[in-house]
Amino acid sequence: MISILKALSDRNRLKIILALILYPELCACRIIELLQVTGATASRHLDILFHSGLLDRRKEGRWVYYRLKTQEKKLEPLINWIKNEFSKSKNNKEFLADLKKAAAYNLKTGCGNKS
């Protein structure tokens, strides 16, 4: 429990969780784009979330995809609380626009391709 709360104490890691609530799976490259950080920084955040038990990951070629561990029933109340708090937030429009832009590449052409 403490590792989960520590993992969620960072703004960028919370953004990753929100992104994965809205998009079931995202490649690390899309998360880098969303956060506007270096690959190493995003990797560190993703690793913390993974080791806290919040995320699953899978590798496909050279790309790593992340998703919430939705099969963990004990995480369900926490995920629902985050969803609810986000929906009440007045600052979510900018985040949603950034997320839509970052995720669009993945949905259209796959990771690694921005055209």
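Of all residues in segment 58-95, which are basic (Lys, Arg) and closer than 14 Å to Ile17 by Cβ?
Listed by number, the residues that qualify are Arg67, Lys69, Lys83.
Restricting attention to segment 53-96, which residues are surrounded by 13 or more Cβ atoms within 10 Å (Cβ to Cβ) and more than 16 Å from the chain's Cα centre (by Cα)?
Hit for segment 53-96 is Glu72, nothing else.
Hey, any hits in segment 61-71 for a residue that's assigned to a helix (DSSP H, G or I) and modelled with pLDDT under 95?
At the first step, the residues of segment 61-71 found to be assigned to a helix (DSSP H, G or I) are none.
No; the residues of segment 61-71 include none that is assigned to a helix (DSSP H, G or I) and modelled with pLDDT under 95.
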Cβ-Cβ under 7 Å pairs, at least 6 apart or on other chains, segment 2-25 side assigned to a helix (DSSP H, G or I), far side at pLDDT 90 or above and of a type in the set (Gly, Ala, Ser):
Ser3/Ser52; Ile4/Ser52; Ile4/Gly53; Ala7/Ser52; Arg13/Ala7
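Please pick out the residue among Ile21, Ile2, Ile17, Ile32 that is among the aliphatic types (A, V, I, L, M), out of contact with any Gly (no Cβ under 9 Å at 6 or more places or on another chain) and buried (at least 17 other Cβ atoms within 10 Å of the Cβ).
On the way: Ile21 fails: buried (at least 17 other Cβ atoms within 10 Å of the Cβ); Ile2 fails: buried (at least 17 other Cβ atoms within 10 Å of the Cβ); Ile32 fails: out of contact with any Gly (no Cβ under 9 Å at 6 or more places or on another chain).
Sole residue among the options that is among the aliphatic types (A, V, I, L, M), out of contact with any Gly (no Cβ under 9 Å at 6 or more places or on another chain) and buried (at least 17 other Cβ atoms within 10 Å of the Cβ): Ile17.
Give me the residue from segment 72-115 that is assigned to a helix (DSSP H, G or I) and among the hydroxyl-bearing types (Ser, Thr, Tyr) and, out of that set, modelled with the lowest pLDDT.
So the first thing to find is which residues in segment 72-115 are assigned to a helix (DSSP H, G or I), and the list is 73-88, 92-109.
Now drop any that are not among the hydroxyl-bearing types (Ser, Thr, Tyr), which leaves 87, 105, 109.
On the way: Ser87: 80, Tyr105: 58, Thr109: 52.
Looking at the filtered set, the residue picked out is Thr109.
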Based on this model, can you work out whether Val37 counts as surrounded by fewer than 19 Cβ atoms within 10 Å (Cβ to Cβ) and either farther than 22 Å from Lys6 by Cβ or touching a Lys or Arg at 6+ places or on another chain (Cβ under 7 Å) (or both)?
no
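The values are calculated or read from the model by the stated rules, or taken from the named source; none is laboratory data. Here the structure is a predicted model, which is why all the values come from computation and not from measurement. Cβ coordinates were reconstructed from backbone atoms using ideal geometry, including for glycine residues, and neighbour counts include every protein chain displayed.
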